[in-house]
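Data first, discussion second: the structure below is written as structure tokens.
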Amino acid sequence: MTYKLLAVLALSAFWGSTLFIWNISNSAAPEGLYRLTYQPLKRGSLVLLRNPLKQVVGLPGDTVTFAPAGVYVNGALLPKSQVPKGSPYKPYQYGTQKLAPGQYLFMGDNLLSFDSRYEGPQTGTLIRAVVTPVITK
């Protein structure tokens, strides 16, 4: 075997046995290397939803309002939460609700990120891990 092949095999084994992911989507966070941390969930946590990466913006017990102006969490309008005109996705039903135990709101930075603006509250079963950026653009 050549050293190049050995290096590829070693890196593959290391990559597969570590708690790192490479995010290629810019839907919630910059492209880059992230470490899975399994820290407790809190507002603002980046989470791996089996894929892609999304940010937690609503926690169980929060009051959320879906409106034409965007998504409100506990009365505060979230930045960049308005469904843009011409979006290929239908917005989640407008109205106010309290998130039940095990329900979360997930959002990406990209206005067309398919997230809770379109799907509404989601269960925590979608969360694979809390992640921390290691190297990003």
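Structure above, values below:
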| read-out | value |
| --- | --- |
| Partner lysines for LYS98 [C-alpha distance under 28 Å; skip if fewer than 8 residues away on the same chain] | LYS42, LYS54, LYS80, LYS85, LYS90 |
| Point-to-point label distance, TYR89-THR123, nm (Cα→Cβ direction, 7 Å offset) | 2.0 nm |
| Sites THR96 and LEU33, calculated FRET efficiency, Cβ-Cβ separation with R0 41 Å, nearest 0.05 | 0.60 |
| Per-peptide average of other Cβ atoms within 10 Å, ordering 98-106, 33-41, 52-60 highest first | 52-60, 98-106, 33-41 |
| Additional length obtainable on full extension of the chain from PHE20 to ALA69, 0.36 nm per residue less Cα span | 14.0 nm |
| Reachable aspartates and glutamates from LYS137, criterion Cα separation under 13 angstrom, eight or more residues apart if same chain | GLU31 |
| Distance histogram in 10 Å bins (all Cα pairs of segment 31-70, percent per bin) | 22, 47, 24, 7 |
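Every number in this text was worked out from the coordinates using simple rules, so none of it is lab data. Predicted model, so just to flag it, every value in this text is computed and none were measured. For neighbour counting, all protein chains shown are included, and Cβ atoms are generated from backbone atoms with ideal geometry for every residue, glycine included.
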